[in-house]
Structure formats: C-alpha cells, structure tokens
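Just so you know, all these numbers are worked out from the coordinates, no wet-lab data involved. Computed from a predicted structure; not experimentally measured. Cβ atoms come from the backbone with ideal geometry, glycine included; neighbour counts cover every protein chain shown.
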Amino acid sequence: MPTKLFFIKFVHSIILWWQVVCLGYLLFACIMGSFNILVLLAIISILLNGLLLLLNKGRCPFTTMAEKQGAEKGSVTDIFTGLGGTQYFQSSYSVVHH
C-alpha cells in the first residue's frame, strides 16, 4: 500500500473512532443528565461531519482521496478497524444504505 494511501486510511480511521467516541459520550451524558463543554464539543464534531458529507453530496472526501491514490474503493468499509471491525461496518453499512 502506498504511503499516501496508508496515511489517508489512517486519518480516516482516526476520524471514525473520534465520531464513535463522541456518540458514546453523548449517550453517557444523556443517561447521566449532564451537559458540559465536552457534550458541546461532541455535538459540534458530529454536526460538522454531517455538514461536510452534505456539502460533498453524501460522499466522504476521504473516499475520493483514497481512490485518487489508487485504492479500488475508498469507502467507509476500507478503514483500519481491527479485530473484525471491517465486517461489522460492511454489514451495517449495507443495511442502512441499500
């Protein structure tokens, strides 16, 4: 795998896990009934991600960058999740988008 493609997938994976942490923290904060700066940060992060996808016609910019670097596909299922996470995201993604 070329270095640029590896870097794109690595950054894409970090962003994915950041969004997972944000969603998990929002769930925790709702259960605990708390609102603080971290809740606000998580909400803004998720909204910015949604806005970015909206402005890019529903396509992640990292997908386009990965494909330009030679990836057969640069979709959300082509990230570094480890421990079989890719299969989970593939099945979840296909249920939601098909």
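For this structure, a couple of remarks:
- Stretching the chain fully between Leu53 and Leu38 yields a gain of 3.1 nm (0.36 nm per residue, less the alpha carbon separation).
- Neighbour counts of other Cβ atoms within 10 Å put Lys9, Lys68 in the fewest-to-most order Lys68, Lys9.
- Note on Val21 and Phe7: the model spin-label points, each 7 Å out from Cα along the C-beta direction, lie 2.2 nm apart.
- For the peptides 15-22, 51-58, the ranking by mean Cβ contacts within 10 Å, running from highest to lowest, is 15-22, 51-58.
- Three-way shape call for the range 1-67 based on the alpha-carbon gyration tensor, with the a/c threshold at 1.5: prolate
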